[in-house]
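Worksheet for the structure shown next.
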Amino acid sequence: MKRPSLILRILFGMSAVLLLGQPAARAQSGQDVLERIKNTYERIDALRAEFRQITTTPFDETGTSISGVIYLSNDKFRVETEGQTIVSNGRVTWIYNAATNQVLINDNMEDETTFSLSRFLFDFDDTYEIASTGRALLGGKEHHILRLHPKNPESYFREIMVVMRDSDNLVPRIEVLDANDTRMVFELKSIEIDPPLAPDTFLFVPPEGSEIVDLRSE
């Protein structure tokens with residue numbers, strides 16, 4: 001199965017999380033939690049979820065926030081927000097800005113300074129190691145908390161916190177801290193696994209009259 005490559009600068013707010021101590025009798029190793037996450041996401045062919053995003057920096061602690069819907073299937077993705085739509089079929093990426101009625105078209109490229117949510121869910125154990133573990137109550141349900149540090153000290157991302165829902169092994173929240181002390185918080189809700197998707201979900205047809213800027217290499 002191909003790994004999805006969803007490029008997101010999507011950061012999410014959530015209600016307060018109550019961290020709890022983890023009694024030894026009920027403790028589950030961080031490695032066990034990682035394996036549960038991997039085994040779950042490796043069986044997923046498509047995903048739909050609502051998201052909210054928040055990004056904060058040392059210069060802007062209030063942060064910026066957007067929300068919308070995401071779709072994933074293998075290396076394809078679609079992100080819809082109020083003002084922007086980002087679509088990739090795995091080879092080409094379309095970015096449509098509603099305010100300017102402009103469409104940017106480019107080859108699908110990975111950037112080490114852009115956090116790929118889906119790639120992380122599949123490959124985190126190759127790149128990160130467990131720094132600490134814990135549990136949390138969110139919405140009255142138990143969640144496992146993992147804090148990860150990169151194995152490579154020169155990694156652009158310095159720390160990642162993963163929250164896994166104990167009932168189904170899904171990840172509704174990820175926090176990322178990068179080398180510039182920018183904190184990205186990802187929250188997903190209403191997660192649908194393998195939902196029916198329209199054939200054109202991962203294609204984008206520019207609206208009539210829109211400006212098209214094609215940046216693809218020849």
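The values are calculated or read from the model by the stated rules, or taken from the named source; none is laboratory data. These figures come from a predicted structure and were not determined experimentally. Cβ sites come from the backbone with ideal geometry, for glycine too, and all protein chains shown count toward neighbours.
For beta carbons closer than 9 Å, sequence separation of 6+ or different chains, a first residue in the stretch 43-56 that is charged (D, E, K, R) and part of a strand (DSSP E or B) and a second that is buried (at least 20 other Cβ atoms within 10 Å of the Cβ) and at pLDDT below 90, the qualifying pairs are Arg48/Leu72; Arg52/Ile10; Arg52/Leu11; Arg52/Phe12.
Among Gly90, Gly13, which is assigned to a loop (DSSP other than H, G, I, E, B), modelled with pLDDT under 80 and surrounded by 12 or more Cβ atoms within 10 Å (Cβ to Cβ)? When all the criteria are applied, what remains is Gly13. When the stretch 49-67 is filtered for residues that are more than 13 Å from Glu82 (Cα to Cα) and of a type in the set (S, T, N, Q), the ones remaining, listed by number, are Thr55, Thr56, Thr57, Thr62, Thr64. Going residue by residue through the stretch 82-104, is there one that turns out to be acidic (Asp, Glu) and touching a residue at least 60 places away in the same chain (Cβ under 8 Å)? Looking for residues that are acidic (Asp, Glu) and touching a residue at least 60 places away in the same chain (Cβ under 8 Å), one finds none in the stretch 82-104, hence no. When Gly63, Gly21 are checked against the criterion of being modelled with pLDDT under 85, farther than 30 Å from Val205 by Cβ and among the small types (Gly, Ala, Ser), Gly21 stands alone in meeting it. Of Asp194, Asp166, Asp200, all but one fail to be farther than 24 Å from Asn108 by Cβ and either out of contact with any Leu (no Cβ under 9 Å at 6 or more places or on another chain) or loosely packed, with under 14 Cβ neighbours inside 10 Å (or both); the exception is Asp166. Going residue by residue through the stretch 175-188, is there one that turns out to be within 28 Å of Leu137 (Cβ to Cβ) and without any contact (Cβ under 8 Å) to a residue 60 or more places away in the chain? Scanning the stretch 175-188 turns up at least one residue that is within 28 Å of Leu137 (Cβ to Cβ) and without any contact (Cβ under 8 Å) to a residue 60 or more places away in the chain.
The set of residues from the stretch 120-137 being modelled with pLDDT of 70 or more and not in a strand (DSSP E or B) comprises Phe120, Asp126, Thr127.
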